[in-house]
Amino acid sequence: MEKKDHHIEMIQEGQMNIFEADYQKKEQEELKMVEQAMAKLSAELRVERVNPYVAAVGNFLMDFLEDNPSSAEKFLAEGKTIIGSMKEVRNEAQKVQVNNCGVLTSEQGFHIVLKYFGIKPTGSVATDKSTSNHTPKESVATSRPAQRFEASLDEFL
């Protein structure tokens, strides 16, 4: 009976090793995919290095990819580029424009970029409904009457 228990233990250990090997294989595939996605983003950054907006979005995406390696396959999707994401941001800004001027916050812009790549952002990248551009807010700078300056000639002597 002791031999049977030992055999069961060996099978269990072997299964653990199979699971570990499977996990390591998936981890290596994910790492390879991250490297490929980084290479794709880097290549586009090199081609468009003159455009500071492409650099800003590209660097954001690379940082996002480092923090979220499971999203690498989304960046490798055929036809998805940094320039394409910027066009999407432009389209969204045109929807909220007033007097031919459309403005988005950085957070809203990056949310649109991630959405373009098929990524549902979580945490601080997601836009907050209270900061939406659909409802104009009153100006923060309100004009106050200027305070009157009074001085007598004796004060200057």
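Please treat every number below as a calculation from the coordinates, not as lab data. Since the model is a prediction, treat every value here as computed from it, not as a measurement. In this analysis, Cβ positions are derived from the backbone assuming ideal geometry, glycine residues included, and neighbour counts consider all displayed protein chains.
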Original post:
Would a scan of the range 102-109 turn up a residue that is of a type in the set (D, E, K, R) and either in contact with a Gly (Cβ under 7 Å, 6 or more places away or on another chain) or more than 19 Å from Thr122 (Cβ to Cβ) (or both)?
Top reply: no
**OP:** Kindly indicate whether any position in the range 78-87 is closer than 15 Å to Lys115 by Cα, in contact (Cβ under 8 Å) with a residue 24 or more places away in the chain and among the polar types (S, T, N, Q).
**Re:** yes
Subject >> Residue list for the range 55-107, filter: of a type in the set (D, E, K, R), more than 29 Å from Lys32 (Cβ to Cβ) and surrounded by 16 or more Cβ atoms within 10 Å (Cβ to Cβ) >> reply: Glu92
